[in-house]
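The values are calculated or read from the model by the stated rules, or taken from the named source; none is laboratory data. If you're wondering where the values come from, they're calculated on a predicted model, not measured in any experiment. When we count neighbours, we look across all protein chains shown, and the Cβ atoms used for this are built from the backbone with ideal geometry, even at glycine.
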Amino acid sequence: MKNKLLVATRKGLIVFQRDAVSKWKVIGAHFNGIPVSMVYEDPRDGNWWVSLDHGHWGIKLHKSNDKGKTWEEVEAPKYPEGTLVKEGVDATLRYIWAFAAPSSDGSNSLLIGTEPGGLFRLNIQTSESKLNQSLWNHPSRTDQWFGGGRDYPGIHSIVLDPRNDQHMYVGISVAGVFETQDGGNSWMPKNKGLKAEFLPNPDAEIGHDPHILLASSKQPDYMWQQNHCGIYRTENGGDQWIDVSDRDGEAYFGFALAMDDEYPERAWVAPAQSDEIRVPIDQKLCICRTEDGGKNWNTLNSGLPQSYAYDIIYRHCLINQQDELFFGTTTGNLFYSSDGGDHWEALHQFLPMVYCLTWAD
């Protein structure tokens, strides 16, 4: 079990640690005042990676090999000269949305998902990044991928198959789920069963809006996604997605999702009222949990505010390990549960807007 929590916020990176009596406390802060859009601990070597969104100065990438004592700037991914998002629009890095660490090449590379829809492989030794041209040049990209909440498509989820990391999936907002079985040389959409209710053809093969995509490391073909148009799971690696939303309850629209790695039918989502009205349903903050793959959902709200709550939980802001859960919100609240979500406590209520949470050693 990991005993540190890395919290990426609009005003910096904040580090929490569990003490000897299992209380979580702030032990440090980094990049004070600078938006930290993503944070990641490399499971191979324990290095920390952060993406900084400097606004006018652009996106910066930093890593620490000593748990935040010191930081080194690494050159952020660059789209090759002449690369176009569409005719007349140069492709430039707008946002970093995802990190993933392939195991097959030791600790030499890092996968990075970006806006506008680029998947890069960073050579850690040389700091050189290479755009995956096969995905970028997929024939659907120029006319079937588009921006949702942001101007351009973004790769926010990279899911590596632990059995073979030449096999991976990416979640793209807005395009859908794409799969490669050959290390990124070719890609195919995996969106059968999804509904894109905002498109003229809701059953279109491409143009879906997964908000986050997760897979079980124990059963890698079992995946979940919180989608713009509901909650979906698959038991066959995305060949068929099943809508498991609770259309008459809370578990439907939202951004964040967590799953139990040991029992992949067990998952949690963070509901919101709708795309148009992004506040908790009836202004009552809750998390919903299923124990049976989405056949039934339970509303968990003990310890959470049940009136005039305005918290939204972004896609990377709900995490689980062995029934310990954290979620951070747009209003700077950080909530913790030690019992699978049955009971919650406010660990901190004065943080900046939270963009991402991750466990660390």
Pairs with Cβ under 6 Å, 6+ apart, first in the stretch 118-130 and touching a residue at least 24 places away in the same chain (Cβ under 8 Å) and at positive phi, second part of a strand (DSSP E or B) and not polar (S, T, N, Q): Ser127/Val74
Positions within the stretch 261-280 being crowded, with 20+ Cβ neighbours inside 10 Å and in contact (Cβ under 8 Å) with a residue 24 or more places away in the chain, in sequence order: Pro264, Ala267, Trp268, Val269, Ala270, Ala272, Pro280
Selection status of Ser129, within 18 Å of Asp42 (Cβ to Cβ) and either surrounded by 18 or more Cβ atoms within 10 Å (Cβ to Cβ) or not hydroxyl-bearing (Ser, Thr, Tyr) (or both): yes
Test: residue in the stretch 179-196 that is among the small types (Gly, Ala, Ser), in a loop (DSSP other than H, G, I, E, B), touching a Gly at 6+ places or on another chain (Cβ under 8 Å) and crowded, with 22+ Cβ neighbours inside 10 Å: no
Residue list for the stretch 8-54, filter: surrounded by fewer than 19 Cβ atoms within 10 Å (Cβ to Cβ), closer than 15 Å to Ser64 by Cβ and touching an Asp or Glu at 6+ places or on another chain (Cβ under 7 Å): Gly46
Scan of the stretch 271-308 for residues that are hydrophobic (A, V, I, L, M, F, W, C), part of a strand (DSSP E or B) and out of contact with any Cys (no Cβ under 8 Å at 6 or more places or on another chain), ordered by number: Ile287, Cys288
Candidate set from the stretch 214-232 (those that are more than 14 Å from the chain's Cα centre (by Cα) and of a type in the set (S, T, N, Q)); member that is nearest to Arg289 (Cα to Cα): Ser216
Inter-residue pairs, beta-carbon under 9 Å, first touching a residue at least 12 places away in the same chain (Cβ under 8 Å) and in the stretch 59-78, second in a loop (DSSP other than H, G, I, E, B) and of a type in the set (Lys, Arg), 6+ apart: Ile59/Arg94
Residue among Pro35, Pro43 that is in contact (Cβ under 8 Å) with a residue 24 or more places away in the chain, closer than 22 Å to Gly147 by Cβ and of a type outside the set (Asp, Glu): Pro35
Elements of type strands (runs of 3 or more DSSP E) contained in the stretch 77-146, each with 3 or more residues being of a type in the set (Asp, Glu), at pLDDT 95 or above and under 24 Å from Ile206 (Cβ atoms): none
